[in-house]
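In what follows, a structure is listed as structure tokens, so that the remarks can point back to it.
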Amino acid sequence: MNKNNKDRCEEVMERYLALDKDERIPFSITMHLLSCKKCRSQVRLMTIAEKTAAEPLKVSVPLDDSTITEVIKVLNDKYQIKPVENPISIHNWILGGILMILLMTVFGVFTNNNTSRELVISFYLLFGAIITAYCAIFIASNMDFFIKKIHTLKTSL
């Protein structure tokens, strides 16, 4: 291996190690890893070592365990268990979304053929924007739920 290639490998490995965990690997590093067997092997071994080292840390501890509550009470005597408040359930969001789409469909069925085509198209564009905004607000307000689901999917794979 010549000196220039060795310097390139060191630079790529430094950049790779500077990345945060689960951060997207830049294209230039990916291309180098695809073409350099030595660096690819080092990255693969580091990934295996990280998974092996993290394995003992994956002990399941229930968050509602009484010992955890007792430890927190010892650290802070004013600690009180507060129930998690979620004023609107996901079922209500889904029911509201289905109702909204149903009403928009009923509007489309019962509009007269005499109605101008431009008006109907503008209504459908408005309906599309409303559905998009509804979905965005739904995801934004339930972000914790989706993050937990994604995390459980990652750990189960």
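The values are calculated or read from the model by the stated rules, or taken from the named source; none is laboratory data. Here the structure is a predicted model, which means the values were calculated and not measured. Reconstructed Cβ throughout: ideal geometry from the backbone, glycine too, with neighbour counts over all protein chains shown. Please note that ligands, DNA and RNA were not included when accessible areas were found on the heavy atoms of the full protein model with its side chains. Shrake-Rupley method; radii C 1.70, N 1.55, O 1.52, S 1.80 Å.
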Which numbered condition Lys73 fails, given (1) modelled with pLDDT of 70 or more; (2) within 30 Å of Asn142 (Cβ to Cβ); (3) open to solvent by 90 Å² or more (accessible area, probe 1.4 Å): (2)
Selection count, the range 84-102, where residues are loosely packed, with under 10 Cβ neighbours inside 10 Å and at pLDDT 65 or above: 1
Candidates Ser156, Ser141, filtered to the one that is at pLDDT below 85, loosely packed, with under 11 Cβ neighbours inside 10 Å, small (Gly, Ala, Ser) and over 30 Å from Glu10 (Cβ atoms): Ser156
Ser66 more than 22 Å from Thr152 (Cβ to Cβ), out of contact with any Asp or Glu (no Cβ under 8 Å at 6 or more places or on another chain) and at pLDDT below 90: yes
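Conditions tested, residue by residue: (1) at pLDDT 75 or above; (2) assigned to a helix (DSSP H, G or I).
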{"position": "Asn5", "(1), (2)": "no, yes"}
{"position": "Glu14", "(1), (2)": "yes, yes"}
{"position": "Asp20", "(1), (2)": "yes, no"}
{"position": "Ser41", "(1), (2)": "yes, yes"}
{"position": "Ser60", "(1), (2)": "no, no"}
{"position": "Lys82", "(1), (2)": "no, no"}
{"position": "Thr105", "(1), (2)": "yes, yes"}
